[in-house]
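Some notes on the structure that comes next.
The values are calculated or read from the model by the stated rules, or taken from the named source; none is laboratory data. Only a predicted model underlies this, so the values are computations on that prediction, with no experimental measurement involved. Ideal geometry is used to build each Cβ from the backbone, glycine not excepted, and the neighbour counts take in all protein chains shown.
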Amino acid sequence: MNDDVRNIVLGLIAAGISAALGWLTRTYLWKRKLRRKQAFFGLPENSESLLVVNRNAAGPELAVMRHDVFALLELAALIKECRAHAQVLPHDTARQGFGERTEFCVGGPASNRRTAAHLASLLPGVQVNVDAEPGPDRGAFRIGSERHRLEPGRAEYVLLARLSVGDSHGNRPVFLFCGQTAVTNQAATRYLARNHERLARKHGRNSFVLLLKVVNPEAYGPDVVELVADVTRAAQTPLPSPEPSADSASSTTRPARS
């Protein structure tokens, strides 16, 4: 074998080794990224999850708003990327606990009973006005001492939460998309899909509650979203009980006549 042939053979061997190392490196990085994603969403390979569907609050029981359908499609894509499976359940038939399977719950308490239960159990510092009558506070969020009113078509709010319920209930989180309108529900799912790596780096597997604002949804739909604040502490702190009024206090302290 002369020098030229030997150099060609050595070059081919080096190229093959480099290609193999490159493929192994890319595979390792891809698998590590997948494992981190699965850990954040609580979706190991071939695991089961729940997609809890709300309904159109102004329509028949089985109607689902178009933007809510889009939100479910965004979540279904995330679940598929984690190589997991999803079961779709209407909000009023999801009568089971949490922690055994990752749950994605879409819609505010006016259209989703499951959301109302999660707010009461896991986020006692959040109140949502569900009055059917029109008014300035209809749909407003109260989080701690702050109130965020719905401004239809201009500024609409949504809570995006990852709620880890502890080892006693399993290790599968609840993801909550509690919006003032259907377009805000979709905005929250899209925000999660685009920012889950950053959220995982910041919060790990811990609970978090983010208040998002959807800006001018009439013009921009669910695409322009601003992070208003991380409201985790306020949302998990029970609201103080309302103080009794002066009239009720006097009626309880007034001695009875004989």
query: Which of the following residues is on the phi > 0 side of the Ramachandran plot and modelled with pLDDT of 85 or more: 138, 114, 147, 83?
result: 83
message: Please list, ordered by residue number, the strands (runs of 3 or more DSSP E) wholly in the range 66-175 having 1 or more residues that are of a type in the set (Lys, Arg).
response: 141-143, 146-148, 155-163
field: Residues of the range 210-235 satisfying the condition of being among the basic types (Lys, Arg) and loosely packed, with under 14 Cβ neighbours inside 10 Å
entry: 233
- prompt: Among (1) touching a helix residue (DSSP H, G or I) at 6+ places or on another chain (Cβ under 9 Å); (2) more than 30 Å from residue 89 (Cβ to Cβ), which single condition is residue 45 missing?
  reply: (2)
message: Please go through (1) at pLDDT below 80; (2) in a loop (DSSP other than H, G, I, E, B); (3) not hydrophobic (A, V, I, L, M, F, W, C) for residue 238 and return the number of the only condition it doesn't satisfy.
response: (1)
field: When residues of the range 145-199 are limited to those that are small (Gly, Ala, Ser) and crowded, with 24+ Cβ neighbours inside 10 Å, the one nearest to the chain's Cα centre (by Cα)
entry: 161
Considering residues of the range 198-217 that are of a type in the set (Lys, Arg) and not in a loop (DSSP other than H, G, I, E, B) only, the residue farthest from residue 34 (Cα to Cα): 213
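Listed here are the residues, each with its yes/no results for (1) at pLDDT below 90; (2) crowded, with 18+ Cβ neighbours inside 10 Å.
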position	(1), (2)
2	yes, no
13	yes, no
36	no, no
41	no, yes
51	no, yes
54	yes, yes
66	yes, no
74	no, yes
90	yes, no
message: For the range 34-52, which positions are touching a residue at least 24 places away in the same chain (Cβ under 8 Å) and outside any loop (DSSP other than H, G, I, E, B)?
response: 34, 36, 37, 38, 39, 40, 41, 48, 49, 50, 51, 52
